[in-house]
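To keep things clear, I will list the structure first and then write my remarks on it.
Taken together, the values in this text are just the output of simple stated rules run on the coordinates, not laboratory data. If you're wondering where the values come from, they're calculated on a predicted model, not measured in any experiment. Don't worry about glycine lacking a Cβ; one is built from the backbone with ideal geometry, like all the others, and counts go over all protein chains shown.
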Amino acid sequence: MSSPVPKSPEQSEKSKKYDRQLRLWGDHGQKLLENAKVCLINVTALGTEILKSLVLPGIGAFTIVDGEKITEQDTGSNFFLDNDSVGLSRAQVATRCLLELNPDVHGDYIDESPEHIMAHTQDFFNNFSVVIATSLPEKILLPLSKQLWEANVPLIVGRSIGFLAYLRLQIREHTVIEVHPDNEIPDLRLENPWPALREHLNNIDILKLDKKDRSHVPALVILYYYLDKFKNVYGGVPVTRSQKDVLRNLIKEGNSFNDEDDENHLEENFQEAIHYVNTCIGQSRIPSQVQALLDDERCTNLTQESSSFWVMCAALRELVQSDGALPVRGSLPDMAADTINYVALQQLYQKQAQFQAEAQLYQKQAQFQAEAVYRRASQIARSLGQSPDTITEHEVKLFCKHASELYVARGSCIAEEYQSTAFDISSYLEDPDSLMLYYAIIRGLERFISEFNTTPGQFDDQVEPDVLKLKGIIGKLLAEWGCGQAIRDERIHEVCRYGGAELHSVSAMLGGCAAHEIIKLITHQYKPLDNTFIYDAITTNSATFVL
């Protein structure tokens, strides 16, 4: 027998370096992260903290856009900037310091303002996986928001001021294959097993096993055996609670059918079978959110611009129409059983899942080839847009494995949010402790900066006058939204006292949250924020709002 090929030292060291995160998003997620390019606009404490939390796990590359020089105020709030760097380029110094954290990451900077770049290279920001904008004025934010919305490039907007932090995620459409639910329901297909599984299960007669062998039978075999008995008597699978209680009692009785002395003792595998009555019976139906995706126009009307996600959804739709069910996940939960029985079942599930996944893969490859032949025959002088190798075998297998968890997030445009007067936040503001009031304050703060080109309270002798100005702006905003509530003066006064200063601890906390959301977007794993996050560091309360 040939010995396995040892892993290269480079692979081994990389696995050690990123061990914990690989457990979260896997090798395929790490590869997507390493191929990603992100852009940071403005070197604030929040901005550098976001990049720090992306550089450490190995983001592929980052670019910093900032035309400002380092001031003493910057060094007081940003740990990446020191007194010796005052007067130097913020973008250059921050890039140098961040690159020291991880030699695997590439970094670049542009010592220009975002306005200058947008005016001279309009599509510059369209080339990134994600764009991060911190403390960006409205006059720049709104056109950038529109541009990235049209290009379907995710935009993360953040602001940290004093004890207050705000994060807004703009995504036009984002697809997720691996949601990582907290409680994954086993996919056993016991109500309607495929032929190979049915044959395997029918060959095991629990009543003919002695006590020792019976204790080694996997729980799903026990559940199938008594489910089959239930179906023979009642004509179908148990649906109601009382029907499931009947099935549980059948399993309990089966545990002690030849052990009169152990009537009250349940073997571990029988306990598991009883537990699976709730989680595994009736779970083969297609979840409503997945059916909605299969019926979505993006799935039924593919174009050359369709993403691989929607192409695979179209293939999945055909499979569901043919088989009446989603692909088998191909994995089993841990069960009390001897190794031989468990491995035999595991191989059956994996084989079926592999067959269905490969079937979809070949179907879509054939479809792509047919389209290519058609376009070549038509002698259309343009690229196909999608080549047969756009979708990999690994991607299709992963898609099929998590077919019951598929998720699509569709967000809203920040520019439309800022230009809308249809906000109904009155119900939030009726609660004096609602963090929504800070959203109104932040919007007022941004409008103040746009109108006066300074941050409220930036100069000590202007705090009180700025309180009145900011109060007037916020009142006008609330009136535009048709909101009659007013925000207490002390809240506005507190924000003015901050003078636009960042507390690094607050920025670090929000930076970690923002980086987490960015990694979700890049890896297409876990559900992203929907869509606004506000953090009050005084009370350590946080809340999310959909705007």
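Taking a ≥ b ≥ c as the square roots of the eigenvalues of the alpha-carbon gyration tensor, the stretch 409-468 is classed oblate because a/c is 1.5 or more while a/b is no larger than b/c. A full extension of the chain between residue 451 and residue 179 corresponds to an added length of 93.6 nm, given 0.36 nm per residue minus the alpha carbon distance. Residue exposure proxy: 24, 478, ordered by other Cβ atoms within 10 angstrom of their Cβ from fewest to most, comes out as 24, 478. Once semi-axes √(5λ) of the Cα gyration tensor in Å is calculated for the structure shown, the corresponding label among (i) 53, 29, 24; (ii) 41, 35, 21; (iii) 41, 27, 20 turns out to be (i). Legend note: in the chain, cysteines whose Cβ sits 4.7 Å or more from every other cysteine Cβ are 39, 97, 280, 400, 413, 483, 496, 513. Positive end of the dipole of the chain, charges at C-beta (+1 Lys, Arg; -1 Asp, Glu), about the Cα centre: which of 522, 535, 76 has its Cα farthest in that direction? Checked the options; the winner is 522. Within the stretch 457-547, list the trypsin sites (Lys or Arg not before Pro) lying in a DSSP loop whose Cβ has at most 15 other Cβ atoms in a 10 Å radius. Qualifying residues, ordered by number: 488. Distance from the C-alpha centroid of the stretch 154-224 to that of the stretch 104-127: 43 Å, rounded to the whole angstrom. Distance between the 7 Å Cα→Cβ label points at residue 73 and residue 394: 4.8 nm.
Listed by chain and number, the lysines whose C-alpha is less than 20 Å from the C-alpha of residue 229, apart from same-chain residues fewer than 8 away, are 208, 244, 252.
Short-range pairs are left out: with C-alpha atoms under 8 Å and at least six residues apart, the relative contact order of the chain is 20 percent. Here residue 31 is the anchor, and the lysines within straight C-alpha reach of less than 27 Å, apart from those fewer than 8 places off in the same chain, are 7, 14, 16, 17, 52, 351, 364, 397, 401, 520, 527.
Once the dipole of the chain is set up with Lys and Arg at +1 and Asp and Glu at -1 on Cβ about the Cα centre, which of 496, 130, 441 lies farthest towards its positive end? Comparing the listed Cα positions along the dipole, 130 ranks first. Stretching residue 346 away from residue 233 to a fully extended chain increases their span by 37.7 nm, per 0.36 nm per residue minus the current alpha-carbon distance. When the helices of the chain are scored as -39500 (n - 2.57) per DSSP H run of n ≥ 4 and the total is divided over every residue, the value at 222 nm lands at -16000 deg cm²/dmol. Computed about the Cα centre, the dipole magnitude for the chain is approximately 1320 debye when only Lys and Arg (+1) and Asp and Glu (-1) carry charge, each at its Cβ.
Overall form of the stretch 195-280: oblate. Here a/c, set by the Cα gyration tensor axes a ≥ b ≥ c, is 1.5 or more, and a/b is not larger than b/c. Label reach from residue 241 (point 7 Å along Cα→C-beta): in the stretch 271-288, amide nitrogens under 18 Å belong to 275-282.
Remark: the stretch 176-274 carries a charge dipole of roughly 460 debye about the Cα centre, counting +1 on each Lys and Arg Cβ and -1 on each Asp and Glu Cβ. Think of each Lys and Arg Cβ as +1 and each Asp and Glu Cβ as -1; about the Cα centre, that makes the dipole of the stretch 414-498 roughly 160 debye. Spin-label model, residue 101/residue 286: points 7 Å from Cα along the beta carbon direction are separated by 4.4 nm.
A crude spin-label estimate for the pair residue 17 and residue 152, with each label 7 Å from Cα along the Cβ direction, gives 3.3 nm. Among 208-218, 41-51, sorting by the average number of other beta carbon atoms lying within 10 angstrom of each residue, highest first, gives 41-51, 208-218. Straightening the chain between residue 476 and residue 111 buys 127.7 nm, computed as 0.36 nm per residue apart minus the Cα-Cα spacing.
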